[in-house]
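See below for the structure under consideration.
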Amino acid sequence: MSDHTDVTELLTDEVFPLAPKDAMPHEVTVDEDVVDDLPENRFLDRELSWLAFNERVLELAEDPDTPLLERARYLAIFASNLDEFFMVRIAGLKRRIAAGFAVPSSTGMSPTRLVEALTERAHVLMDRHATVFEDDILPALFTEGIHLVRFDELEDSEQERLRKLFRSDIFPVLTPLAVDPAHPFPYISGLSLNLAVEVREPDTGKDRFARVKVPETLPRFLSVDAKGRATQVTDASALGDEPRSFVPLEDVIAAHLDYLFPGMEVVNHYTFRVTRNEDVEVEEDDAENLLKAMERELLRRRFGPAVRLEVAEDLSPGIRELLVRELGITEHDVFHLPAPLDLTGLTVIADLDRPKLQFPAFRPTTHHQLAPVETADEQNIFESITRGDVLLHHPYDSFSTSVQAFLAQAAVDPRVLAIKQTLYRTSGDSPIVDALIEAARNGKQVLALVEIKARFDEQRNISWARKLEQAGVHVVYGLVGLKTHCKLSLVVRQEEDGLVRYCHIGTGNYHPRTARLYEDYGLLTRDPDVGADLTKLFNQLSGYAPKAKFKRLIVAPTGVRLGLIERIEAEAERARRGEEAWVKIKSNAIVDEKTMDALYRASQAGVTVDLVIRGICSLRPGVPGLSENIRVRSILGRFLEHSRIYAFANGGEPDVFIGSADLMHRNLDRRIEALIAITDPDQVATLLENIDMSMSDKYSGWELQEDGAWLRAVEDATGARLKDVQETYIRRQPKRRAKGK
């Protein structure tokens, strides 16, 4: 994002005032101008911490107790994560260096030195990633009848099957690009897999270079079953469990290069892959139409500078020199790896229909407060919410029978007058979008706030925005300089006693597919205070409402940081008085210096601080005199831990919030975020239990050390396997449904 300081300050100061005084503790006033006497080396580097997070993903792939196909999936996730890290974080640092903006990080490291350190660490992790694939996963797959092989390892009959498939389905798609005086070096798109081909003219003996792109429209692996039949793998789950060989697509292309270069001698070929800067910058304050500006920027993204080159180990020095020169990168940016490159394609293998090699099947259940009554034809979501607030915990509680059903019923309910909805990310065939369109066609007032700057989902969100507009939905794109990241849904319904506002506030996106994979919380409520808060917030986002105040919400960009810090400081004051004082936080990341300094001060005052951080953590726990009362743990597993919980002892009446904001600068300063106070005592206890389980030594996880190292605990002192947080929730779910809890 571009830095529009003046515009952002104007909007955040005037349009987003702090939460009202009656919604925030005021025992302590935070003076942000006070200079703390905290040590300068109190922070860990955020980028190195991110690599440490991806290393934890890699450890799951290395764990022999993880089901085999899930180990392959973790390898694919590691590779995909690292792609994004280079496209965004490394690319951003290099852009700063090129612009001469070499301001040191919060740890004092210069961008140049940081890029060097990150690249060195990435080399180590990528080598380790390749080793576990070669030495562990491949042999284990072979034992199970899943053979990832090279083309020349196939039987003659199998090769012939693939030749026929090549001629019919692959060859027509390929486009060889020569490099000579008449043909300049071609543009290599980001994350594309390519063949560098050396060919020789028979008449002159002169060698030439050509590039063949491996089509992204074709499956990554081609399958040859036990009967020798060759097929494209578009749906791995449909394949049986008989022995089967899988051949990388680039191998099949390489074996048939003579088709692409008839009359030339193919001397050699090598695979390579380029990662480019694919972040997006839009000068929003100069753009008359943000939608069109974003579309233009997405076109420019394709031509971002290269930041990483992955090459096969056997690459010749001459071709390497050519690629480095033409791509404009340094030798340090080149990663030599064993073939096949691009192990993100392992998701195809992980999706095979082999239940014994995967996590046990899991099906979400309908939350007991929303479950249909046996005598009823269909459950009425609005009646269920009327009986009491519903705290949803996905993926254990079904998204389709809760949030999705809530909006689907609203779309056709004749009593519903209006629906207002934020959309940050959603699926390609989104039933949420379909419900909004149906509601508009049914004559309801529908507002959709679509965040078209959601990284890597920009094109999809632009498409949905246009589709919604064509259906008559009022589509807005939020405020200039700020991303709308809050997860909000508001339904206005006419009832006998007047208008009632039904609300959903969540920690996760309105994305049906990821709702089955991401761990998130959400609240369904008809509390009048929440309805009023959401009405005001939507009015701020779509119109002008600079004087709005909130009762149960804390809203960023101005309210969340200050609201949390005030509560942390209040706990510190209680600790100084000898009262019970604690802070419990679950977040995806914590890098905000002001918040971390507040936690350091609280620790020094004697406050017990428990942090469950899935990803980046720049806070140093366990430092004597600074953070000895702070513990940090990380939980990773089959589901992506994604919920955010902020809890404070509050003198024996815990103050607990859920919401969309992580403790990062972008969330607290450059995004519209919302936290909602949870008031039901049972729901408060449920949220606190989540953090307590994650922090417990009885459960497996990683614990952050003072020096930034993460130590994994999987066994207790007797050697027994520790319990798993997510498996515990899975086992509980049917019991909760039966008991109505």
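Taken together, the values in this text are just the output of simple stated rules run on the coordinates, not laboratory data. Just so it is clear, the model here is predicted, and its values are computed rather than measured. Note that each Cβ is placed from the backbone with ideal geometry, even for glycine, and that neighbours are counted across all protein chains shown.
A compact table of results
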{"item": "FRET efficiency, 1/(1 + (r/R0)^6) with R0 45 Å, evaluated for GLN494 and THR143 via beta carbons", "result": "0.10"}
{"item": "Other-chain or far-sequence residues with amide H under 5 Å of HIS367's (modelled H)", "result": "SER398"}
{"item": "Calculated from backbone phi, Karplus (6.51, -1.76, 1.60) coupling profile of region 409-424 in Hz, x at Gly/Pro", "result": "5, 4, 5, 10, 6, x, 7, 6, 9, 8, 9, 10, 8, 9, 10, 9"}
{"item": "Cleavage-rule hits, GluC sites (Glu not before Pro), region 674-728, DSSP coil, Cβ neighbours within 10 Å at most 14", "result": "GLU706"}
{"item": "Placed amide H near ARG308: partners under 5 Å, 5+ positions off or other chain", "result": "THR275"}
{"item": "Under 5 Å, built H, 5+ apart or other chain: amide partners of ARG671", "result": "LYS483"}
{"item": "Per-residue Cβ neighbour rank within 10 angstrom, fewest leading, LEU315, LEU564, LEU68", "result": "LEU315, LEU68, LEU564"}
{"item": "Fewest-first ranking of LYS444, LYS723, using other Cβ atoms within 10 Å as the exposure measure", "result": "LYS723, LYS444"}
{"item": "Phi-based couplings in Hz for region 334-345 (Karplus 6.51, -1.76, 1.60; Gly and Pro marked x)", "result": "9, 10, 8, 9, x, 6, x, 7, 6, 7, 4, x"}
{"item": "Footprinting exposure proxy for THR679, THR386, THR275, THR143 (fewest neighbouring C-beta atoms within 10 Å first)", "result": "THR143, THR386, THR679, THR275"}
{"item": "Karplus-derived HN-Hα couplings along region 489-505 (A = 6.51, B = -1.76, C = 1.60, θ = phi - 60°), whole Hz, x at Gly and Pro", "result": "9, 10, 10, 9, 10, 7, 10, 4, 9, x, 6, 10, 9, 9, 10, 10, 10"}
{"item": "Alpha-carbon gyration tensor eigenvalues x 5, square-rooted, for region 578-621, Å", "result": "19, 12, 7"}
